[in-house]
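Taking it in order: structure first as structure tokens, then the write-up.
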Amino acid sequence: MGLFVAIKFPLLIGCTLICNALLNGLLGILLGMNLGFRQSFLALLTAFSLAALILGSLAPVTFLIAVNAPPPDAPEARIAHASYLVTHTLLVGFAGIVSNIHLHKILVAKAANRFAATVTLLAWLGGNGFLGAQFSWVLRPFFGSPSLKVQFLRDDPFDGNFYETVWKSIERISGGNGVPMLTAILIAIAASILISICEQPVRLPKP
Amino acid sequence: MNPQELPPPPLPEPTEARAVPTPPVTPQEIPLPDQLDLKSLFEGLLRRPKDLIPKLGVPGHQAAGKLALLILVTFAMFGVVLGCFAKHEQLWAAPLKMSAGLLFSSFICFPSLYIFSALAGARMTVSQLAVCFAAALTVTGLLLLGFAPAIWIFAESSDSFGFIGALVLIIWLISLVFGFGFLRNAVKVSGGGQDGPMILWFGIFLLVTLQMSTSLRPILGRSDVFLTSEKRFFLQHWGMTMGTSLSPVEKVPTATTQAPEAGAPPVSTSVPSTGFRNPHVSE
């Protein structure tokens with residue numbers, strides 16, 4: 001499984017960047033950044049590289065967690081799997097936030113004004129996040145499940161949709177009140193992103 | 001000799017060492033050529049619309065044909081991606097309907113564009129406005145092309161007309177907004193100071209394209225006929241078909257049952273007559 005994910009994780013990032021290369025380049029120009037296609041691609045690659053460095057530096061820690069986890073057939077395997085999943089989600093989320101803050105700094109240094117940099121970052125984040133989530137669904141599993149066999153890809157990887165699955169889960173959790181719950185989740189995500197971006201210090205140009 | 005009669009010392013001549021170095025000319029300062037090739041057209045469309053717009057008013061710019069070709073190619077390719085949802089005949093029908101629907105919508109809305117741009121204060125000839133409109137649609141087409149890989153991924157992964165329809169609608173809206181931004185720049189450069197008429201026209205054009213997508217249905221789904229004869233308002237159509245999917249359902253659909261549509265002009269759906277979306281997926 002480790003070898004599978006070692007192949008699929010870079011593949012996930014590569015597929016997302018390549019599929020969105022034209023779009024990211026167009027948005028980089030049209031939203032006032034005046035970045036070329038190559039520069040947009042390199043800026044995003046830099047952000048992903050930073051995230052990869054953060055996650056790579058934490059790999060020994062997560063390896064230790066994996067080694068000490070109970071086997072799949074143990075009674076507490078499901079709880080351990082869920083904990084492992086949540087831990088990795090938090091780590092990936094942390095690496096993503098840090099790399100996007102760094103990307104914002106790059107854009108602010110390049111942009112004519114801070115607003116253009118922020119709008120461009122949010123547009124890239126939206127586009128890459130939207131497509132990346134679907135690619136992560138297509139390329140699943142990344143963690144696997146104690147009850148399922150280890151596979152490189154699930155049968156019919158293109159069958160299903162990340163967002164439909166999330167929506168069904170939200171509907172199930174909320175007991176049919178999916179719309180308000182989804183709205184609350186989206187507002188929370190948007191607010192956290194905006195707060196983390198707006199709290200970055202503005203560097204004045206040197207005289 | 002009296003010191004007061006001495007002539008003043010001559011001023012030192014500027015030497016090369018004292019000459020102020022001229023800053024390098026940035027690409028943005030190089031003027032666009034009068035005869036626009038594809039590279040300068042892209043440069044103008046994306047980076048320097050305010051430099052491109054006056055060029056489009058000068059006869060001999062040779063941009064009209066290139067813009068028309070770009071519009072055709074980009075919208076046709078986007079249509080192919082939409083056709084990948086249902087496949088089969090939609091692989092050629094969807095791009096055909098996209099291109100034809102956009103052309104027809106543009107013809108319908110162009111007279112109002114001229115009037116509304118004049119109301120906004122623009123001073124453009126009909127031909128200049130037509131070329132600027134084509135340039136705006138090219139920007140829209142380029143963005144649709146940029147979104148095409150994402151649409152394709154979801155078209156291959158989802159059977160839901162509601163999801164795909166909503167996704168295409170949002171993308172159509174975003175792309176159209178950027179295209180409209182170019183048109184608005186064109187009006188401002190030519191002297192138009194008011195935004196109200198142009199925003200109103202944008203709303204009209206958006207409604208026309210959305211209705212065109214219903215009139216030209218099916219585009220996302222499949223049907224035994226190329227065009228349906230039944231008339232329906234696009235909101236009514238979306239409401240009736242939002243929850244349906246491309247896969248065969250146990251309830252037998254009626255002939256008038258249609259699938260939801262998206263915002264692009266020739267986007268529309270219908271319940272397929274046979275089989276799964278992907279013929280290679282076994283039952």
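Here are some notes:
- Unique match (being among the aliphatic types (A, V, I, L, M) and open to solvent by 40 Å² or more (accessible area, probe 1.4 Å)) among B:Ile170, B:Ile153, B:Ile164: B:Ile170
- Any hit, region B:220-228, residues being open to solvent by 20 Å² or more (accessible area, probe 1.4 Å) and either within 14 Å of another protein chain (Cβ to nearest Cβ) or closer than 24 Å to A:Asn161 by Cβ (or both): yes
- Index of the failed condition, A:Phe158 passing every other in (1) open to solvent by 40 Å² or more (accessible area, probe 1.4 Å); (2) outside any loop (DSSP other than H, G, I, E, B): (2)
- Taking region A:125-159 as the range and being in contact with a Ser or Thr (Cβ under 8 Å, 6 or more places away or on another chain) and either in contact (Cβ under 8 Å) with a residue 40 or more places away in the chain or β-branched (Val, Ile, Thr) (or both) as the test, the residues that pass are A:Asn128, A:Leu131, A:Gly132, A:Phe135, A:Val138, A:Phe142.
- Within region A:69-81, the presence of a residue that is among the small types (Gly, Ala, Ser), under 30 Å from A:Ala117 (Cα atoms) and in a helix (DSSP H, G or I) is excluded.
- For region B:180-219, the set of residues classified as open to solvent by 50 Å² or more (accessible area, probe 1.4 Å) and within 14 Å of chain A (Cβ to nearest Cβ) consists of B:Arg184 only.
- Top-ranked residue in region A:133-147 [being more than 9 Å from every other protein chain (Cβ to nearest Cβ) and at pLDDT 75 or above; ranked as nearest to A:Ser83 (Cα to Cα)]: A:Phe142
- Exactly one residue among B:Leu91, B:Leu96 is open to solvent by 30 Å² or more (accessible area, probe 1.4 Å), at pLDDT below 90 and assigned to a helix (DSSP H, G or I), and that residue is B:Leu91.
- Residue within region A:79-88 that is open to solvent by 50 Å² or more (accessible area, probe 1.4 Å) and modelled with pLDDT of 85 or more present: no
- Single match in A:Val150, A:Val166, A:Val108, A:Val92 (criterion: away from every other protein chain (no Cβ under 14 Å), in a helix (DSSP H, G or I), of a type in the set (A, V, I, L, M, F, W, C) and over 19 Å from A:Gly32 (Cα atoms)): A:Val92
- Counted residues, region A:119-146 - those being among the polar types (S, T, N, Q) and either outside any helix (DSSP H, G or I) or surrounded by fewer than 20 Cβ atoms within 10 Å (Cβ to Cβ) (or both): 2
- Subset of region B:103-145 that is of a type outside the set (D, E, K, R) and not in a helix (DSSP H, G or I) - its residue that is most open to solvent (accessible area, probe 1.4 Å): B:Thr125
- Residues located in region A:17-48, provided they are under 14 Å from A:Ala117 (Cα atoms), facing chain B (nearest Cβ under 9 Å) and under 18 Å from the mean Cα position of the chain (by Cα): A:Asn24
- Test result for B:Val177, open to solvent by 10 Å² or more (accessible area, probe 1.4 Å), within 12 Å of chain A (Cβ to nearest Cβ) and part of a helix (DSSP H, G or I): yes
The values are calculated or read from the model by the stated rules, or taken from the named source; none is laboratory data. Small disclaimer: the values here were computed from a predicted structure and weren't measured. Note that each Cβ is placed from the backbone with ideal geometry, even for glycine, and that neighbours are counted across all protein chains shown. Just so you know, the surface numbers come from the protein's heavy atoms only, side chains and all, with ligands and any DNA or RNA stripped out. Shrake-Rupley method; radii C 1.70, N 1.55, O 1.52, S 1.80 Å.
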